[in-house]
């Protein structure tokens, strides 16, 4: 969108954000890119595919689809989403840590006293397992 039309749109449709600085919008953009990266990492983990599939297959396909349907300008937005092997690996690790924290928090908040031992082990394929 052209800058003049963008300002006009912002003032008429989103007046509560008209006084926001550029930095606020850049932070929001970075947050959306990170969320998109987490969603792709979740899909990769659920499908049990190698982490490199994000960079080698998913991102190129998404770029081609967006370019054909939406144009080059939208393609640049998709290019900013990090899908490297290391990024996907860290996103999956973050999600698994978060799930473990949620389970522990939920168990701590139960009204009934009980004891449970959780143990995290690696199997022969170096996958983490939580044992009760």
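A short reminder: the numbers here are calculations on the coordinates, not readings from a lab. Small disclaimer: the values here were computed from a predicted structure and weren't measured. For neighbour counting, all protein chains shown are included, and Cβ atoms are generated from backbone atoms with ideal geometry for every residue, glycine included.
Key figures
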{"read-out": "Cross-chain or 6+ apart pairs with Cβ under 8 Å, segment 53-75 first and surrounded by fewer than 15 Cβ atoms within 10 Å (Cβ to Cβ), then in a helix (DSSP H, G or I)", "value": "74/66; 74/67"}
{"read-out": "Residue among 99, 88, 44 that is surrounded by fewer than 14 Cβ atoms within 10 Å (Cβ to Cβ) and either touching a residue at least 60 places away in the same chain (Cβ under 8 Å) or within 28 Å of residue 131 (Cα to Cα) (or both)", "value": "99"}
{"read-out": "Enumeration of residues in segment 103-132 that are surrounded by 10 or more Cβ atoms within 10 Å (Cβ to Cβ) and closer than 17 Å to residue 42 by Cα", "value": "128"}
{"read-out": "Wholly within segment 12-116, helices (runs of 4 or more DSSP H) carrying at least 2 residues that are more than 14 Å from the chain's Cα centre (by Cα) and more than 30 Å from residue 127 (Cβ to Cβ)", "value": "22-47, 59-69, 72-79"}
